[in-house]
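Asker: Once you've had a glance at the structure underneath, I'll fire off some questions.
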Amino acid sequence: MTTSSEVQKSEDKRIFFENAQMDSMAQHFVGNLYRYRENIVIPTSNGPVQIKTNEEKMIEKTVESCAFKSITACVMGYGLGAAIGLFSASVNPSLTDPLLHEKKQTAREILRDMRKTTHGYAKNFAMIGMVFSGVECTIESYRGVTDWRNGTYAGGVTGGLIGLRAGVKAGIVGAAGFAAFSTVIDYYMRHRL
């Protein structure tokens, strides 16, 4: 049997409805103050641990995706290629021979030539960065291992695709050369002090 003091206490706790069952259900769905994550015990032997929120997990998943890595490499490759192309175009301008009495180039023609060279370098670097990064990320996801072989395989595929534009023999040489270069760079980056 319930005493009058227990009935009085349950009536004091009612927030939403007069009916005790309805109020209990409303508190459960609307005003539940019980937090499940606060009861998790995580060992802190390696320092303080923070549990990631769903938003942090979503952003981390997006940033670690192969598509995001490929697009980032494409944009950065375009910027690097544009810088190298601009330097290359400014160091090696196409000059006319004064003894042949040819028409001298105007500033507009020189700038157009520099823009063309810069854009060409930028597109090539963007394509190489995007293909290499995408292939490497895909291989790493498939293998489930992060080591030097991923870069070597990705370099072989990228070099082969670039070289195939000039023929099969050039594709094989490009694959071998790009794979060797990727291996050397990966070895240096992992073992430097």
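The values are calculated or read from the model by the stated rules, or taken from the named source; none is laboratory data. Keep in mind the model is a prediction, meaning the values are calculated, not measured. Ideal geometry is used to build each Cβ from the backbone, glycine not excepted, and the neighbour counts take in all protein chains shown. The accessibility values were calculated without ligands, DNA or RNA, using every heavy atom of the protein model including side chains. Shrake-Rupley method; radii C 1.70, N 1.55, O 1.52, S 1.80 Å.
Asker: In the stretch 147-192, carbon and sulfur make up what percent of the accessible area (probe 1.4 Å)?
Answerer: It is 71 percent, rounded to a whole number.
Asker: Right, here's the next one. Go through 176-189, 59-72 and give me the packing order, highest mean Cβ count within 10 Å leading.
Answerer: On the way: 176-189: 15.6, 59-72: 13.2.
So the order, starting with the most tightly packed, is 176-189, 59-72.
Asker: Put a dot 7 Å past each Cα toward the Cβ at F16 and D147; how far apart are the dots in nm?
Answerer: Here the modelled spin labels are 5.7 nm apart.
Asker: Checking the a/c ratio against 1.5 first, then a/b against b/c, what shape does the Cα gyration tensor give for the stretch 147-192?
Answerer: Note, shape of the stretch 147-192 comes out prolate.
Asker: Moving on to the next point. Once you list every other residue whose beta carbon is under 15 Å from the beta carbon of I185, what net charge do they have if Lys and Arg are +1 and Asp and Glu are -1?
Answerer: Value of the local net charge: 0.
Asker: Further question: Looking at the calculated P(r) for the stretch 71-193, what percent of the C-alpha pair distances fall above 26 Å?
Answerer: 37 percent
Asker: Let me ask you something else. Hey, with R₀ at 41 Å, roughly what FRET efficiency would K169 and F87 work out to, going by the Cβ-Cβ distance, to 0.05?
Answerer: With R0 = 41 Å, the Cβ-Cβ based efficiency is 0.85.
Asker: Order 120-127, 83-90, 46-53 from most to least packed using the mean count of other Cβ atoms within 10 Å. Intermediate results must be reported in sequence, preceding the final value.
Answerer: Details: 120-127: 18.4, 83-90: 16.0, 46-53: 7.9.
For the peptides 120-127, 83-90, 46-53, the packing ranking is 120-127, 83-90, 46-53.
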